[in-house]
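Below: one structure, written as structure tokens.
The values are calculated or read from the model by the stated rules, or taken from the named source; none is laboratory data. Just so it is clear, the structure is predicted and the values come from calculations on it, not from any experiment. Virtual Cβ from ideal backbone geometry, glycine too; neighbours counted across all protein chains shown.
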Amino acid sequence: MPDFREVYEQVGKMAETRRDVWQDDAFSLAQALMGEVQELQDQLQESAVTGEAMPVGLELADVLNYALRLCHCMGFDPVDLLVMKNDRNSRKFPDFLMSKNGRTPQEAITAAKKSWKAMGGDIAWSHAYTEHLVHEAGED
Ligand SMILES: [Mg+2]
């Protein structure tokens, strides 16, 4: 069973092989991704009636494939992207703010967003994250 990075490379090789047939520009891939998300949503509704999970899994695989092809197209490493985004989201929506503590979910989210903005938001986070990467790479 290949690991995630091997699957990512397979998707890239397949896109390269089919370059003459597939439209692999970012906008075409994003459009196709949205179409697959709609198919996933349709299949989830059908699955609620039929109880069959596999058709949902097949549509989810289509979504993942297009997302990986878009990563290839844009030169992003999908694992790096997920690590980076999860870092940002865990800081923007920390557990201590996301516990309801008598608040509605929307009130908890609003409190987290207000706190994030007060800390400098995405700009401050991106500077800190970049410094972290430089430090980790031993370039400072
Ligand atoms: Mg599909």
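Summed over region 120-140, the residues that are outside any helix (DSSP H, G or I) and surrounded by fewer than 12 Cβ atoms within 10 Å (Cβ to Cβ) give a count of 4. Per the conditions (1) away from the ligand (no atom under 15 Å from the Cβ); (2) under 19 Å from LEU82 (Cβ atoms); (3) surrounded by 13 or more Cβ atoms within 10 Å (Cβ to Cβ), the sole criterion not satisfied by LEU60 is (1). Counting only residues that are among the aliphatic types (A, V, I, L, M) and buried (at least 16 other Cβ atoms within 10 Å of the Cβ), region 12-36 holds 4 of them.
Of all residues in region 87-111, those that are outside any helix (DSSP H, G or I) and of a type in the set (A, V, I, L, M, F, W, C) total 1. Screening GLN41 against (1) in contact (Cβ under 8 Å) with a residue 60 or more places away in the chain; (2) within 14 Å of the ligand (Cβ to nearest atom) leaves a single unmet condition, (1).
When each of MET1, MET14 is tested for being under 25 Å from ASP80 (Cα atoms) and not in a helix (DSSP H, G or I), the lone residue that passes is MET1. The numbered conditions (1) free of Cβ contacts under 8 Å to residues at least 24 places away in the same chain; (2) surrounded by 12 or more Cβ atoms within 10 Å (Cβ to Cβ) are all true for VAL49 except (2). Please work out if MET84 is out of contact with any helix residue (DSSP H, G or I) (no Cβ under 6 Å at 6 or more places or on another chain), in contact (Cβ under 8 Å) with a residue 24 or more places away in the chain and in a helix (DSSP H, G or I). Spelling it out, MET84 is indeed out of contact with any helix residue (DSSP H, G or I) (no Cβ under 6 Å at 6 or more places or on another chain), in contact (Cβ under 8 Å) with a residue 24 or more places away in the chain and in a helix (DSSP H, G or I). Of all the numbered requirements in (1) modelled with pLDDT under 95; (2) within 15 Å of the ligand (Cβ to nearest atom), ASP20 misses one, and that requirement is (2). Kindly indicate whether GLN38 is assigned to a loop (DSSP other than H, G, I, E, B) and over 30 Å from TYR129 (Cα atoms). No; evaluated as a whole, the condition is false for this residue. The set of residues in region 44-57 that are out of contact with any helix residue (DSSP H, G or I) (no Cβ under 7 Å at 6 or more places or on another chain), within 14 Å of the ligand (Cβ to nearest atom) and either hydrophobic (A, V, I, L, M, F, W, C) or not in a helix (DSSP H, G or I) (or both) contains only MET54. Of all residues in region 23-38, those being over 18 Å from CYS73 (Cα atoms) and more than 16 Å from the ligand (Cβ to nearest atom) number 0.
Among the residues of region 94-120, just one is among the acidic types (Asp, Glu) and within 22 Å of the chain's Cα centre (by Cα), namely ASP95.
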